[in-house]
Amino acid sequence: MSTKYINIEQVGQVSFTINKRSRRIRLKVKSDGEIVVSMPPSVLYRDAIRFAESKTNWILKHQSKTRADLTLFAPESCFKTRFHKLAITKGNTDKVYNRVGNGIIQIFIPENVNHQQPKVQEFIKKTLIEVMRREAKIYLPERLKELADKHNFNYQNVTIKNASTRWGSCSSANNINLNLHLMRVPEHLTDYVLLHELAHTVVKNHGEKFWLLLEQCYPNARKADKEMNNYRTQTF
């Protein structure tokens with residue numbers, strides 16, 4: 001399979017994947033909001049693009065539903081990163097503020113302030129993003145190097161991003177981008193994503209050679225790939 005990413009007005013980036021097993025054009029909006037078009041080899045990209053453009057209203061409707069499912073953080077919320085746990089406390093304070101340390105992301109909210117207010121939710125989300133960014137910059141490059149050394153992969157640079165649709169990517173020059181949201185998925189799936197991108201330093205597509213290589217490094221890679229569908233790159 002080969003994939004191209006094309007921006008379409010109103011809906012943004014759409015991935016177009018040629019699948020030999022497809023008999024017709026198929027359109028899907030994934031749980032993380034990513035728009036995916038699967039197409040037979042006989043279909044021209046221009047025709048697949050026109051098909052996606054004709055489904056703009058349908059896409060926007062499903063993207064809106066996805067946004068409606070975004071996390072609302074409350075005192076009873078259970079949220080963990082790789083190294084921290086969220087704790088929200090309402091009490092005797094005159095402002096919303098945070099304190100991060102000893103494995104706790106502590107958010108303090110005044111007793112008379114509704115935690116559902118957009119400004120409060122944005123403060124919590126911004127705090128979580130910054131904590132995950134710090135964790136990711138320390139953990140991910142080191143773990144990537146460990147896995148690369150173990151399986152004899154070579155790459156150039158690694159960059160941490162707050163990406164909206166992708167867990168990771170590998171450029172033609174073997175520069176690897178990793179999503180800071182990897183800090184809230186199980187460790188074995190983080191390793192899967194890292195090895196997935198490392199495999200792309202050798203094979204640039206998702207054909208059988210790619211999966212054979214990845215399976216050598218990560219047995220049951222296809223199972224892990226499906227398991228990643230349980231997690232969204234952007235839940236808040």
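Values quoted throughout were computed directly from the atomic coordinates according to the rules given, and no laboratory measurement underlies them. Everything numeric in this text was worked out from a predicted model, so none of it was measured. We place every Cβ from the backbone using ideal geometry, glycine too, and count neighbours over all the protein chains shown.
Ignoring everything except DSSP H segments at least 4 long, calculate the 222 nm mean residue ellipticity for the chain; use -39,500 (n - 2.57) per segment, divide by total residues, nearest 500.
-12000 deg cm²/dmol
Tell me which residues come under 5 Å, amide H to amide H, from V14 once H is placed; ignore anything under 5 positions away on its chain.
For V14, the qualifying residues are I6, N7, I8.
Roughly how many whole Å is it from the C-alpha centroid of the stretch 1-42 to that of the stretch 105-168?
When both Cα centres are located, 27 Å separates them.
Treating only the Cβ of Lys, Arg, Asp and Glu as charged (+1, +1, -1, -1), what charge dipole size does the chain show about its Cα centre? Round to the nearest 20 debye.
Computed about the Cα centre, the dipole is about 620 debye.
What percent does the relative contact order of the stretch 135-230 come to when contacts are Cα pairs within less than 8 Å and at least six residues apart?
Once divided by the residue count of the stretch 135-230, the mean separation gives 24 percent.
Do you know the relative contact order of the stretch 39-158, to the nearest whole percent, from alpha carbon pairs under 8 angstrom that are 6+ apart?
16 percent
Let's see if you can work this out: charge +1 on each Lys and Arg Cβ, -1 on each Asp and Glu Cβ, no other charges. What is the dipole magnitude of the stretch 2-68 about its Cα centre, in debye to the nearest 20?
Dipole magnitude for the stretch 2-68 comes out near 340 debye.
Return the loop-located GluC sites (Glu not before Pro) in the stretch 55-145 (DSSP other than H, G, I, E, B) with at most 16 other Cβ atoms within 10 Å of their own Cβ; answer none if there are none.
Passing sites in the stretch 55-145 are E76, E111.
With unit charges on the beta carbon (Lys/Arg positive, Asp/Glu negative), name the residue among F73, L147, S54 whose Cα is farthest towards the positive pole of the charge dipole of the chain.
S54
Within 10 Å of each candidate Cβ there may be at most 16 other Cβ atoms; applying that plus a DSSP loop requirement, which chymotrypsin sites (Phe, Trp or Tyr not before Pro) in the stretch 79-151 survive?
Values: sites: F79, F83, Y97, F108, F123, Y139; in loops: F79, F83.
Qualifying residues, ordered by number: F83.
Across the chain, how large is the tail of the calculated P(r) beyond 28 Å, expressed as a percent of all Cα pairs?
On the way: 11500 of 27730 pairs.
Value for the chain (Cα pairs over 28 Å): 41 percent.
In the stretch 1-52, what trypsin sites (Lys or Arg not before Pro) fall in a loop by DSSP, with at most 10 other Cβ atoms inside 10 Å?
K20, R21, R23, R24
Quote the relative contact order of the chain in percent (integer), defining contacts as alpha-carbon pairs under 8 Å separated by 6+ residues. If you can, show how the numbers build up before the last one.
On the way: 344 pairs, mean separation 36.0, N = 236.
Result for the chain is 15 percent.
How far, in degrees from 0 to 90, does helix 118-151 lean away from the longest principal axis of the Cα atoms of the chain, to the nearest 10?
Tilt relative to the chain: about 50 degrees.
If you project the alpha carbons of the stretch 135-230 onto their three principal axes, what span does each projection cover, largest first, in Å?
32, 30, 24
Report, to the nearest 10°, how far helix 187-199 tilts away from the longest principal axis of the Cα atoms in the chain, using its own Cα long axis and a range of 0 to 90°.
Here the helix axis deviates by roughly 40 degrees.
Antiparallel DSSP bridges in the chain: what percent, to the nearest 5?
Rounded to the nearest five, the antiparallel share is 55 percent.
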